[in-house]
Amino acid sequence: MLRYKRYMISFFLLLLLSMSHSAFAQPDARSIIQSSIDYYRDKSSYSVAEMVIHRPDWERTMKMKVWTQGVDKSLVRIIAPKKDIGNGTLVLGDDMWSYTPKINRVIKLPSSMSHQGWMGSDFSNNDVAKADDLVDKFTHTLVDTQKHEGMDLYIIESVPHEDAPVVWGKEIIKVREDLLMIEQEFYDQDNQLVKKLTSSDIKLMSGKLTVSTQRMQKADKPKEWTEFRLFEAEYAVTVPKNMFTLSNLRNPRR
């Protein structure tokens, strides 16, 4: 009898330990989002990509170079086609500037324009800049875990703080356990889907897995979309001190 009691005590202790481990092992939604953004941007990066804007009766392609450093510095420069060469966007923290060679002017974009389409695409200025407002201005909740190509896929609902200067009512984000963001849905204040960003074509670039294709699709215009296609990417690169400056935006040295 004593031996049986000891067995039962050991059994319940193991059960409690197992339950406790499961609770502590539950991933934190905010940490997942933060880690995914950190993984995407790295300490710094350089990439070459093209953006294809598709409409039912026309299609436009632009090739670009992109530099980033940390979460608050980005420079995007168009290198093709010929008529768009030199157009650029510079982001420093919450400030954003654009440069157009045709008028030889650097224009500071007000925050109200951060959600307008960049270069006429379905990506907003904020999307191109890859600003990380998502981390601090939203409350994140893990609502489900699914599978994607044999890996855990975390489904996270992100709701903006009441005083957050964002246009979305909520976002639904899907992040794999390897930190790749697979999908991002944007909902309005009435909980209606506005647009969806879908990632695909996962490749090894500069020694790490990278999403090479992202498509932004508006919910009410299924025949209109914009794709961002990554051809080359390098991470943890050395970035010149003058890279993220208004002078370099206007007169590129690289």
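The values are calculated or read from the model by the stated rules, or taken from the named source; none is laboratory data. Predicted model, so just to flag it, every value in this text is computed and none were measured. Reconstructed Cβ throughout: ideal geometry from the backbone, glycine too, with neighbour counts over all protein chains shown.
Looking across region 44-74, the residues that are part of a strand (DSSP E or B) and over 19 Å from Gln214 (Cβ atoms) come down to Ser44, Trp58, Gln69, Lys73. Close Cβ contacts (under 8 Å, 6 or more residues apart or on different chains) running from residues in region 112-128 that are under 16 Å from Asp94 (Cβ atoms) and part of a loop (DSSP other than H, G, I, E, B) to residues that are modelled with pLDDT of 85 or more and aromatic (Phe, Trp, Tyr) are absent.
Quick one: how many residues across region 149-199 are of a type in the set (Gly, Ala, Ser) and in a loop (DSSP other than H, G, I, E, B)? Working first, answer last.
Taking region 149-199 and keeping what is of a type in the set (Gly, Ala, Ser), we get 150, 158, 164, 169, 199.
Subset that is in a loop (DSSP other than H, G, I, E, B): 150, 164, 169.
Here the count works out to 3.
Yes/no matrix, rows are residues, columns are (1) under 21 Å from Ala233 (Cα atoms); (2) surrounded by 15 or more Cβ atoms within 10 Å (Cβ to Cβ); (3) hydroxyl-bearing (Ser, Thr, Tyr); (4) touching a Ser or Thr at 6+ places or on another chain (Cβ under 7 Å):
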position	(1), (2), (3), (4)
Ile53	no, yes, no, yes
Pro56	no, no, no, no
Met64	yes, yes, no, no
Lys82	no, no, no, no
Thr89	yes, yes, yes, yes
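In region 146-178, what count of residues is obtained for those that are polar (S, T, N, Q) and either within 15 Å of the chain's Cα centre (by Cα) or within 15 Å of Ser36 (Cβ to Cβ) (or both)? Even if it seems obvious, please write down each step before you answer.
Step one: filter region 146-178 for residues polar (S, T, N, Q), giving 146, 158.
Imposing the further condition that a residue be either within 15 Å of the chain's Cα centre (by Cα) or within 15 Å of Ser36 (Cβ to Cβ) (or both) reduces the set to 158.
Residues meeting the conditions: 1.
Taken over region 149-167, the criterion of being under 15 Å from Glu185 (Cα atoms) and either modelled with pLDDT under 90 or touching a helix residue (DSSP H, G or I) at 6+ places or on another chain (Cβ under 6 Å) (or both) is satisfied by Tyr154, Ile156, Val166, Val167.
Scan region 82-103 residue by residue and report those that are farther than 23 Å from Asp188 by Cα, in contact with a helix residue (DSSP H, G or I) (Cβ under 8 Å, 6 or more places away or on another chain) and assigned to a loop (DSSP other than H, G, I, E, B). Within region 82-103, Asn87 is the sole residue that qualifies.
Beta carbons closer than 9 Å, at least 6 apart along the sequence or on distinct chains, pair a first residue in region 174-196 that is of a type in the set (Val, Ile, Thr) with a second that is surrounded by fewer than 15 Cβ atoms within 10 Å (Cβ to Cβ) and assigned to a strand (DSSP E or B) for Ile182/Ser200.
Please work out which residue is modelled with the highest pLDDT, limiting yourself to region 1-51 and to residues that are within 26 Å of Asp152 (Cβ to Cβ), surrounded by fewer than 14 Cβ atoms within 10 Å (Cβ to Cβ) and aliphatic (A, V, I, L, M). For region 1-51, the residue satisfying everything is Ala25. The single condition among (1) in contact with a helix residue (DSSP H, G or I) (Cβ under 8 Å, 6 or more places away or on another chain); (2) among the hydroxyl-bearing types (Ser, Thr, Tyr); (3) without any contact (Cβ under 8 Å) to a residue 12 or more places away in the chain that Thr145 does not meet is (1). On the basis of being surrounded by fewer than 19 Cβ atoms within 10 Å (Cβ to Cβ), closer than 17 Å to Ser124 by Cα, aliphatic (A, V, I, L, M) and at pLDDT below 95, does Val194 make the cut? It is false that Val194 is surrounded by fewer than 19 Cβ atoms within 10 Å (Cβ to Cβ), closer than 17 Å to Ser124 by Cα, aliphatic (A, V, I, L, M) and at pLDDT below 95.
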